[in-house]
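Bear in mind that the values in this text are calculations on the coordinates, not laboratory data. Predicted, not measured: the structure shown is a model, and the values here were computed from it. Note: ideal-geometry Cβ built from the backbone for every residue, glycine included; neighbour counts use all protein chains shown.
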Amino acid sequence: MDQREKELLEKYKETDSDLRGLWEEHVLYSSQVDKLEAKNFRTPTEQQTLKQLKKQKLEVKTKMMDILDRLKKAES
């Protein structure tokens with residue numbers, strides 16, 4: 001995420017409930033991924049969970065970036 005996108009996120013996340021929700025999901029997935037990645041050993045279940053969390057995090061980021069792209073175009 002570049003600086004302009006971060007600025008837009010800060011500007012609009014309080015008024016755009018979709019953007020705010022996606023940001024909160026992204027932060028949640030990030031913390032869960034970090035927690036699992038910090039483990040020296042992961043069970044097969046944890047490994048599968050990690051894979052799924054990374055997928056969900058990417059999907060949320062993609063949706064968030066779509067909204068930010070629209071906002072960039074609207075401000076141009």
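Worth a mention:
- Inter-site label distance for T49 and K63 at 7 Å from Cα along Cβ, in nm: 2.2
- Highest to lowest packing among 35-46, 20-31, scored as the average C-beta count within 10 Å: 20-31, 35-46
- Charges were assigned to the Cβ only: +1 to each Lys and Arg, -1 to each Asp and Glu. The resulting dipole of the chain about its Cα centre is roughly 320 debye.
- By the count of neighbouring beta-carbon atoms within 10 Å, fewest first, K11, K54 end up ordered K11, K54.
- Spin-label model, S17 to R42: label points 7 Å out along the Cα-to-beta-carbon direction sit 3.4 nm apart.
- Under the criterion of Cα pairs below 8 Å and six or more residues apart, the relative contact order for the chain equals 41 percent.
- Estimated [θ] at 222 nm from DSSP helical runs (n ≥ 4, -39500 (n - 2.57)) normalised by residues in the chain, nearest 500: -28500 deg cm²/dmol
- Computed from Cα atoms, the angle from the helix 3-12 axis to the main principal axis of the chain rounds to 80 degrees.
- Distance (nanometres) between label positions extended 7 Å along Cα→Cβ at R70 and K35: 3.2
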